[in-house]
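These notes are about the structure you will find just below.
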Amino acid sequence: MDLRTGLGAVKLKPEVKKISLVYSVKNDNAGARYFKKENLPRIAYNNPGLPIGVSVLKEKRVKPTLTIEFDNSKDETIDLTKKMSEVICREFIQITKVKPAILV
């Protein structure tokens, strides 16, 4: 996997302070799992100082979310329920207002 290109290969603005991904292993969270596997490494590679938290929980009733914490504005949370990783990544890019290296 080339971490410099592809969906998720973005350099975030300094206002983005942290990203947190939460999902359950027992529910249908394929989009969140794939986002963690394919897109999150690209985000981490292109933003080496950015704290990224991933919580994979055993409880069934956990709503899968991706929370983006900003420096001077309110945090944004994306509900990942039944979303494909590409949709999750595009919402992330839209919320953070960055231009991706290459859109697939």
Neighbourhood net charge (15 Å Cβ-Cβ; Lys/Arg +1, Asp/Glu -1) for C89: +4
Within straight-line cross-link reach of K37, lysines at Cα separation under 19 Å, skipping those fewer than 8 residues along the same chain: K11, K18, K26, K58, K63, K82, K83
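Order by neighbour count: V54, V62, fewest other Cβ atoms within 10 Å first, most last.
V54, V62
Looking at the P(r) of the chain, how many percent of alpha-carbon pairs lie beyond 17 Å? Mind dumping the intermediate values first?
Working: 2559 of 5356 pairs.
Considering the chain, 48 percent of its Cα-Cα pairs are separated by more than 17 Å.
Sum -39500 (n - 2.57) across every DSSP H segment of at least 4 residues in the chain, then divide by the residue count to get the 222 nm mean residue ellipticity, nearest 500.
Values: 3 runs with 24 residues, N = 104.
Estimated from H runs of four or more residues: -6000 deg cm²/dmol.
How high is the relative contact order of the chain, given as a whole-number percent (alpha carbon pairs under 8 Å, six or more residues apart)? Don't skip to the answer; put the middle values down first.
Working: 199 pairs, mean separation 43.4, N = 104.
Relative contact order of the chain: 42 percent.
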Cα-centre dipole for segment 16-96 with unit charges at Cβ (Lys and Arg positive, Asp and Glu negative), debye to 20: 380
Fewest-first ranking of L66, L3, L21, using other Cβ atoms within 10 Å as the exposure measure: L3, L21, L66
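Would you mind calculating the gained length between K37 and K97 on full extension (0.36 nm times residue separation, minus the Cα-Cα distance), in nm to one decimal?
So the extension gain works out to 19.4 nm.
Need one word for segment 1-52: rounded, prolate or oblate. Basis is the Cα gyration tensor (sqrt eigenvalues a ≥ b ≥ c); a/c below 1.5 gives rounded, then a/b vs b/c decides. Working shown, then result.
Numbers: a/c = 2.92, a/b = 1.48, b/c = 1.98.
It comes out oblate by the Cα gyration axes.
Rule-based calculations on the coordinates, nothing more; no lab input. All values reported here derive from a predicted model rather than from experimental measurement. All Cβ positions, glycine included, derive from the backbone under ideal geometry; neighbour counts span all protein chains shown.
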